[in-house]
């Protein structure tokens, strides 16, 4: 589920973006199969917005973005 949140927010782990933190304990444990359908000309930004909407509606996802100083 954490990977779906990353995708919905455009967080690319290979670009060294921070991984979303927090959430319930099942977020890294339970597996879900998400099947969606959109128009044939669906763009990646539109697909991400659709995924975010799905997560907000079906999983009651609530999030906020904050900056943190971390050791390097």
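Only the coordinates and a few stated rules stand behind these numbers; no lab work does. All values reported here derive from a predicted model rather than from experimental measurement. With ideal geometry, Cβ positions are generated from the backbone for all residues, glycine too; neighbour counts draw on all protein chains shown.
Based only on Cα atoms, what mean projected area does the convex hull of the chain have, in nm²?
Numbers: hull surface 24.5 nm².
Dividing the Cα hull surface by four gives the mean projection, 6.1 nm².
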Note to self: If I model a spin label as a point 7 Å beyond the Cα along the Cα-Cβ vector, how far apart are those points for residue 64 and residue 14 in nm?
What the structure shows: 3.3 nm
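Counting helices only, and only those DSSP H runs with n ≥ 4, report the 222 nm mean residue ellipticity of the chain as the sum of -39,500 (n - 2.57) divided by its residues, in deg cm²/dmol to the nearest 500. Can you show the working numbers first?
On the way: 2 runs with 23 residues, N = 72.
Helices in the chain give a 222 nm mean residue ellipticity of -10000 deg cm²/dmol.
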Margin query: For a quick check, take a GNM of the chain with Cα springs below 10 Å and name the residue from 33, 57, 12 with the largest mean-square fluctuation.
Written below: 33
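Quick one: compute the contact order of the chain, relative version, from alpha carbon pairs under 8 angstrom and 6+ residues apart, as a percent. Don't jump to the answer; show the numbers that get you there.
Values: 32 pairs, mean separation 27.1, N = 72.
For the chain, the relative contact order is 38 percent.
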